[in-house]
Each structure stands twice: as structure tokens, then as C-alpha cells.
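Working notes for the structure below.
The values are calculated or read from the model by the stated rules, or taken from the named source; none is laboratory data. Not measured: the values here are computed from a predicted model. Because the Cβ atoms are built from the backbone with ideal geometry, glycine has one as well, and the counts that use them run over all protein chains shown.
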Amino acid sequence: MSNIAIKFENISKQYRLGTIGSGTLSHDLNRWWTMNIRGKEDPNLKIGQVNDRAVKSTDDYVWALRSIDFEVKQGEVLGIIGKNGAGKSTLLKILSRVTNPTTGRIMVTGRIASLLEVGTGFHPEMTGRENIYMNGSIMGMTKAEITRKLDEIIDFSGVEKYIDTPVKRYSSGMTVRLGFAIAAHLEPEILVVDEVLAVGDAEFQKKAIGKMQDVSRSDGRTVLFVSHNMGAIKELCKTAILLKNGQISTNGTANDVVREYLSNPVRITSQNDLLNDHIQRRGNGEVRFIEIAVNNDAIFIDPAEEIRIKFKAIVNTEVDQIYFSLLLKSPVHDDPIANTGRVCLFRNHVEAGTIINFEISIVPNTFRTGLFPMYLWLGKEAELAAENYPFDVVDSVYYLNLNSNKSQKELGYKSDQPGGYFNLNYKIENLISK
Amino acid sequence: MQTGNSTRYLVIEPRTSLFNLNLKEIWQYRDLLEMYIKRDIVTSYKQTVLGPIWFFIQPIFTTIVFMFVFGGLAGIPTDGIPQALFYLSGITLWNYFSESLTKTSDTFLSNQAIFGKVYFPRLIVPLSITITGLIKMLIQFAVFIIVYIYFMASGRPIAPNAFALLLPVLIIIMAALSLGFGIIISSMTTKYRDLRFLITFAIQLWMYATPVIYPLSVMEGNYKKYIWLIQANPLTAVLETFKYGFLGHGSFSWYALGYSLLFSVITLFIGMAIFNKVERSFMDVI
């Protein structure tokens, strides 16, 4: 056990599908009766079932993780990759003891801290200083430890002036900075960074990754890093595991695992569900996107390939013109970096019930690698008057995931190359309405 | 909980034995317990004008209303104890019990956001609620003492006797009972939310089955048939012992007190076992 930091043994996690509440009592009684009285196995667990979201399960139960076995050595920086729903977050949840595994066990040497719990337990009525103590103790620090590091934490957070003001008066940025300052001073033996969950807060994400690099390089601590950014995985991690449907599909050096991941583009069949339930959907709904597919739903695109995005929209109320716009935001901060401007699709009257199909193609090598949030818009040419609301806005629901198995150096990216706002070179093709 | 040379080993497993209560871990997190207690007390009256005076206003006004309604209108006798003292003692004790029970029974539901993100022994939260309530009760006890001294000075025949020394035992019984019931209900509400509605009015009804607004002797005189119900209530002995010790009236028996103590300890252990089991899986069912 001396140089192994974390050892996963046959870890599995099972979840129930559907609503929990009605009808559970009978399930509970059935399970209790079979397991405890008759001494048999749990009747609700089926063996060999695989968690694939795309296929509708016939069973009420699903395995989010199945027989996970691996070891992490002390000082190792391990990348965890896999598509959404592969079990990455469940694995981290079990490791941070928020939920229990259904079978198996994990042996851990040292204290675990996770960089996703920034600001957990902050009480709005308490001052910044009081909250440092509160949050620190929740994360497992003792009072003496916090007192020792208090000045450092306040200094790092940069909110010294407001430290005796209740946190409810803080801006959201200040709250995050204070929270991060505490997390950064935990000095855990094992650090867990889930970049996937940190998307959207660019400053925090950058800081978290920076901190992770410091920790792994200088202090020799163990780091588990979850990311969709293959470049970052390859640069930061020596080894990696690839999760697929709750199972480890590849385990090896980061280079090999990333290559494996990129060579098997997995389609996200249910991605258009995002259009149905996302709260960020805006607009008056006169015209709505109903299908969006980036390079036939490939999970990532090589920057050297042509990018083709197919759209399908429905006209719900007759309109006299339809314009389209695509804007891409930076993977690092949330600012726009490229945009098509307002593109005319129809200048004349379009009847209700019309289905519109069109494609947009972007020439290869326009972008570097990264996860670019897309802002998609349908509306009228001029939007000056109040009644000219856009028809539909889909903001940061779809991402353009550009990834390469070459490193930043091999791709010839230079850090001093200017990035920024530019007009997109695009073509609208195959415009059909019926 | 030290960083540096000492290394901690941790094993994460699906289920451990029901009575693996891990009290050692709670001790390791004692600083967090302290922070929770401090937070609850400091923040409860922030941005109020009267601040901590609210601790005193509530029992005083309830006592005045009780004196009017139960003592005046309903004419329920108080065993010869001055009405103000009788109701004040009942209210101070009962409030502690009912408040800790209500708040601990909501542990999982009201803390799911934080429990879903980070691990610490979950028992810290209900434990802190019980201790915070205890501190509030001791503050309110000061009101009782002041009224008590006033009546003593004005020549009423009241004096504490040796049984008043049982106060710590009474507090332990109430704390264990409210914590025990609270965590049982809190564990069960993660799956069956019905209990949430049940608990609010069950506590109200429970008060009437406890000698808070009437002495046990009145019940014995009028409703001999149902007296077993009142006696089965583990809180009856607590209130009667308190009044017997401080006010010299009421009934006291070692058996009744022993029954209450045993009842509360068993409840607490059952509660901790259920809580212990639920805290490991509740994120998946809540």
C-alpha cells in the first residue's frame, strides 16, 4: 500500500430509473424479503447489463459503473475521459464519499479534496472571515489549521477589503474567489479536478487548472483530472483511463488512451433532446430549431476537417422573413470570437408548418482545438423595435468540440499568436423548405 | 486530520454494519460541530432590531397567553403553583424539545445541496441543532430563574429541593429523545415525504399528551382511563420531575424517570443506526 494512493476494487454503482417515490415501498419490501429473509441476491440487480443511454432499457435499474478496477500511484496525474454519461462524475462522487458504491471497495491513502466544492456551505449572513472558517471545516480542516493559513487565504482571494462584510453583499466573482482561495489552501494528498463541471466559469477554470499543475509538479501530489479537452489531458497527465458505458474501456498512458478515444467517435444520439428541455431557450417561438447536428453528431472534430452543421427548423407562425446567425464563443472566456452576422434565409413570406433544412460549412483550420460554445439565432433582419423579438435563440447548448491527437506544439500553435474576434468564412448550402 | 507526515487510510465500501457509528470520526470533526453551532446562534437574529431579546420575548408572551387561555378561561388548576411559573417551566422545556425535533427531522431535505457535494459525518448537523437548542433553552432558563426568585421573594411557599439536581438528567433525556426521533424521521423523509406533513401536527398534538399546560394530578383525577397514555409518554416524567424539584409540587417516581431515560437512549440508538444506514445512500433517493 506504500506507494498506491487510490485502489479501486470491483466498483459498481446502480441507479433506479424513473421517479422514485411511488411504488418504491413494494420494491423495497420485495428486496428486503428476498435478500434478508430468504438470503438470496438482490432480485433487482441483473448481471451483465450495460448502461447505454441511447437504447431504451427494459429494466428499471441501470449500472452507472460496472466493475471498475484500477490503481493510482502516489504522485501520479491521472486523466479520466469519456463521453457524457460514461460514469466519470459518478466515479468522482463515490471517491468523494457523497454516494456509496453498490459493490466493491476503494482504498485511499491521504486526504481527498475536490475543486468542485468551491464555496460549499457559505452562509450569506456571515462575514467572509466567518465563512472561511465554516467552509474550511466542512472541507475537513481543523480550526487551528485555518487560523494558521487565514492571512494567506485572505491575501490569495483578493477580497481583503470586504473580509468582515457579510457574503451576501459580495459579487458572484468575489464569492468564487474566496471559495477558491480556501480550496487552494487545503493541501490535500489527493486532488480531484472535474473540468466538465467547471465549464462556464472561465476564471475559476483557469485557476483550477493552474493550481492543479502547481500541485502535481512541485508537491508530487496525486491528481485525478476529468476533462473533455484532449490537449489538456495529454499535456497534464501521464496516464489516463477511458470510461465507456460505465466500464473502463482503455487504461494506459495518456497518449494511447487519447488516441483510442479520438479514433472511436461516439455518436450522441440523444443530443437533440437538449433542444426540448433546455431552460436557456429564448425567443418568441414563431420559428424554432428542431434538429441540430454537428458533423453528423460526431463527438469531436479535428480542426483540420471541414465543419458541417446541419439545421432543421419549423415555422410555427407564418413570418415575412427569416434570418439566421451563428456565433462562436471562446473556450476560455465567454466572449464571442467569431460570427456569421445575420444571414438571410428567406426574404419573403414563409407559411406556417414549413420545415426548413439548411447546412453551414466552415473551412478547415479556422479554429484551434477547444470546446467552443455556440450561440444560434433565428429572427428578423432588424431587431430595433420591441416587437421584433428573435424567433429562437439556442445559447451555449451546443458546443463545437474541436480536438486533435496532436499536441499544441505539433499543430504549430504559438502562444503569442493573436486570437480574437473575426468574421467567419462560411457557406450556406442545401437550403430547402417544404 | 493532520497534514504532513501522518497518513490516513480510508476504505470506501458499500455498506458497513448497522452499528458502526464512527463516533471517532465525529470527534475528528468537532471543529465543524462548533462552527455549525456558532453559525446557527450568530445568524438566527442577524438584521433584526431586537436581536437576542427575541430569545426572551417568545416564552414570556406564550406564558401570558397560556395564563389567560388555560388558566383563566379554561380554569385548569396548576397544583397550587403560581400560574406564571407553572406555564413558564412547561414552555421552556417543551419548546426545546419541539424545536430540536422539528429542525433535526429536516436534516437531509434542507441540507441536500451541501451533502451532495462534500463528505463529512452527517450526524454533525442534527447534533449541532440539538446543542444550539440547548444553549437557547439555557438562556431562556434565566427568565424562569428571575420569575422564580421574584415569587420566592414575595413569600410564596416555593423552594427547590434535592430533586432539582436531576436537571442535567432531564436535559439529557430531552436531547436524546428529540435527536433520536428527529434523525429517524429525517432518514425516512428522504424516501417517504409524507412524514414531513405528519411531524408538524404530531408535535402539536404531542404537547397536549404531555403535562405542559396541566399537572399530571388533574389528569389522574378526571381521566383515570387514559392515564396510561400520558404515563407512556417519556416526556411526562421529565416535566413532572422538573416541577417537583423546583416547585415542590407534582409527582415523582424513579421508575417513571428510569423509563424515560431508557426510552430516550433506545430511541437515540435506533435513530443513529437508521441515520447511519441512510446517510450513505440518500443522495440516490432524495
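Matching residues to (1) surrounded by 19 or more Cβ atoms within 10 Å (Cβ to Cβ); (2) at pLDDT 85 or above; (3) outside any loop (DSSP other than H, G, I, E, B):
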{"position": "A:R288", "(1), (2), (3)": "no, yes, yes"}
{"position": "A:I314", "(1), (2), (3)": "no, yes, yes"}
{"position": "A:P331", "(1), (2), (3)": "yes, no, no"}
{"position": "A:A382", "(1), (2), (3)": "no, no, no"}
*Which of the following residues is surrounded by 15 or more Cβ atoms within 10 Å (Cβ to Cβ), of a type in the set (A, V, I, L, M, F, W, C), assigned to a loop (DSSP other than H, G, I, E, B) and away from chain A (no Cβ under 14 Å): B:I158, B:I131?*
B:I158
*Exclusive hit being more than 14 Å from every other protein chain (Cβ to nearest Cβ), out of contact with any Ser or Thr (no Cβ under 9 Å at 6 or more places or on another chain) and either over 13 Å from B:G182 (Cβ atoms) or not in a helix (DSSP H, G or I) (or both), set B:I139, B:I81*: B:I139
*When only residues in the range B:90-124 that are of a type in the set (G, A, S) and part of a helix (DSSP H, G or I) count, which is farthest from B:A202 (Cα to Cα)?*
B:A113
_Would you confirm whether or not the range B:136-148 contains a residue that is in contact with a helix residue (DSSP H, G or I) (Cβ under 8 Å, 6 or more places away or on another chain), crowded, with 19+ Cβ neighbours inside 10 Å and closer than 30 Å to B:A113 by Cβ?_
yes
_Checklist (1) buried (at least 18 other Cβ atoms within 10 Å of the Cβ); (2) modelled with pLDDT of 70 or more applied to A:V363, failing item_ = (1)
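Okay, residues lined up against (1) in contact with a Gly (Cβ under 9 Å, 6 or more places away or on another chain); (2) surrounded by 14 or more Cβ atoms within 10 Å (Cβ to Cβ):
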| position | (1), (2) |
| --- | --- |
| B:P59 | no, yes |
| B:G75 | no, no |
| B:D79 | yes, yes |
| B:L88 | no, yes |
| B:T92 | no, yes |
| B:D106 | yes, yes |
| B:L109 | no, yes |
| B:I124 | no, yes |
| B:L127 | no, yes |
*Determine which member of the set A:V176, A:V215, A:V199 is in contact with a Pro (Cβ under 9 Å, 6 or more places away or on another chain), within 30 Å of A:G370 (Cα to Cα), away from chain B (no Cβ under 14 Å) and modelled with pLDDT under 80.*
A:V199
*asked:* part of a strand (DSSP E or B) and at the interface with chain B (Cβ under 9 Å from one of its Cβ atoms): which single residue out of A:I68, A:I94, A:I106 fits that description?
replied: A:I106
*Which of the residues belonging to the range B:273-286 are crowded, with 21+ Cβ neighbours inside 10 Å and in a helix (DSSP H, G or I)?*
B:F275, B:N276, B:V278, B:F282
*Restricting attention to the range A:134-165, which residues are at the interface with chain B (Cβ under 8 Å from one of its Cβ atoms) and either farther than 28 Å from A:E189 by Cα or in contact (Cβ under 8 Å) with a residue 40 or more places away in the chain (or both)?*
A:M139, A:G140, A:M141
_Report every pair of residues separated by at least 6 positions or lying on different chains whose Cβ atoms are under 8 Å apart, first residue within the range B:251-262 and more than 19 Å from B:V212 (Cβ to Cβ) and modelled with pLDDT of 90 or more, second surrounded by fewer than 16 Cβ atoms within 10 Å (Cβ to Cβ) and among the charged types (D, E, K, R)._
none
*Report whether or not B:K243 is within 14 Å of another protein chain (Cβ to nearest Cβ) and either surrounded by 19 or more Cβ atoms within 10 Å (Cβ to Cβ) or touching a residue at least 12 places away in the same chain (Cβ under 8 Å) (or both).*
no
